[in-house]
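Beneath this line is the structure, given in structure tokens, with notes to follow.
Values in this text are rule-based calculations from the coordinates and carry no lab data. Fair warning: this is a prediction, and the values are worked out from it, not measured in the lab. All Cβ positions, even for glycine, are placed from backbone atoms using ideal geometry, and neighbour counts span all protein chains on display.
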Amino acid sequence: MKKKACQTVRNRFFLAGAVCLLFFLSSCGLDVYYILPAPYSVNHTPVYTGNYDESYFEFFTNENSFESGDGLNFSGTEVYYRIYSSYSTMKSQVETLQSLASSDSTSATAATRLVNATSSSGYGYKPLRAQGYQKVSTLIPYTGENQRVYIRLSDYYSIENFSSRILVNSEYLYDSETKTIPIRNTSDATTFNFGRSGTYDASPKSGDDDVTYTSMSDGQKWYVAMFAVAVGYDVTYTPYYSNICYLGAVTIDAASENN
């Protein structure tokens, strides 16, 4: 499948120039800012109207191009998600984030807008987690080599090829021998199987931290949008984010067991 670049040649020239600028600033005793390379390509972008066999996300991390420097630790790549009750609301917010990410003048603020839940302009996206690994520091740990990431959020019947799971380079996360299942970033670790009745299955509701609920909801249909972003920390454990990369969106129908 054709790859869609999330980082243009212009971005790479910008990165090289930024490195020179950082060297100059550090030599002058001024504040130093770090730049992380964004996830660079998307193999498959699901759309909210897609069929069950198209309802997966696949992208590459961008680790080969990272140049280590004093004081910055590349932690890895996070996948941030948000659940919407309204397609139109999701579309509006995703388009805003994509516009910020595509502009040189605003790309540095795109991640802040994505993850910030305390300001009125922030959208409060949450880091995706895997069942049994809720307390990991980063979903996709840094290895120094680009990694192919596959994510399917929900189950379609009991068909293994259409089961919810996270794969990195065709393997389960963290060298796990059992399937690593994506879960919501909630205290009760619920899954994305909104239409099922298992112990960890539950439909979203208004007031959930990872839900944007509006009066213009679309019945029992929920829309999940996802972005990937590289994350690093300096010596004071202050987080730094790359530009964001849109991964797509899927519809999960709480009126159906199979999505």
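Antiparallel beta bridges, as assigned by DSSP with both residues in the chain, represent about 95 percent of the total such bridges. Neighbours of Y81, meaning other residues whose beta-carbon lies under 11 angstrom from its beta-carbon, give a summed charge of +2 when Lys and Arg score +1 and Asp and Glu score -1.
Near N169, once Lys and Arg are set to +1 and Asp and Glu to -1 for all other residues with Cβ below 15 Å from its Cβ, the sum equals -3. Using C-alpha pairs under 8 Å with a sequence gap of at least 6, the mean separation divided by the residue count of the range 107-259 gives a relative contact order of 21 percent.
Volume per residue of the convex hull around the Cα atoms, evaluated for the chain, comes out as 135 Å³. Under a model in which nothing but the beta-carbon of Lys, Arg (+1) and Asp, Glu (-1) is charged, the chain shows a dipole of about 460 debye around its Cα centre. Around the amide H of I183, modelled in the peptide plane, lie the amide H atoms of R129, A130, Q131, all under 5 Å away and 5 or more residues distant in sequence or on another chain.
For every other residue with a beta carbon closer than 14 angstrom to the beta carbon of G144, add +1 if it is Lys or Arg and -1 if Asp or Glu, then tell me the sum. Summing Lys/Arg as +1 and Asp/Glu as -1 gives -3. Run lengths n ≥ 4 of DSSP H only: what is the helix-derived mean residue ellipticity at 222 nm for the chain, with -39500 (n - 2.57) per run over all residues, to the nearest 500? Dividing the helical sum by the residues of the chain leaves -5500 deg cm²/dmol. Of all the options S206, S105, S215, the one that moves most in a Gaussian network model of the chain with Cα springs shorter than 10 angstrom is S215. Taking V235, V47, V211 as the candidate residues, the one with maximal mean-square fluctuation in a Gaussian network model of the chain, Cα springs under 10 Å, is V235. What the phi angles of the range 189-203 give under the Karplus curve with 6.51, -1.76 and 1.60, with θ = phi - 60°, is a coupling list of 6, 6, 8, 9, 7, 5, x, 9, 10, x, 4, 10, 9, 7, 6 Hz, glycine and proline written as x. Here the contact order of the chain, divided by its residue count and restricted to Cα pairs under 8 Å and six or more residues apart, works out to 27 percent. Separation of the range 220-241 and the range 245-259, taken as the distance between their Cα centroids, equals 20 angstrom.
Computed over the chain with a Gaussian network model linking Cα atoms closer than 10 Å, the most mobile of S164, S119, S85 is S119. Amide hydrogen proximity for G76: with H placed 1.01 Å from N in the peptide plane, the residues at 5 or more positions away or on another chain lying under 5 Å are Y142, V231. The mean sequence distance of close C-alpha pairs (under 8 Å, at least 6 residues apart), as a share of the length of the range 159-202, puts its relative contact order at 23 percent.
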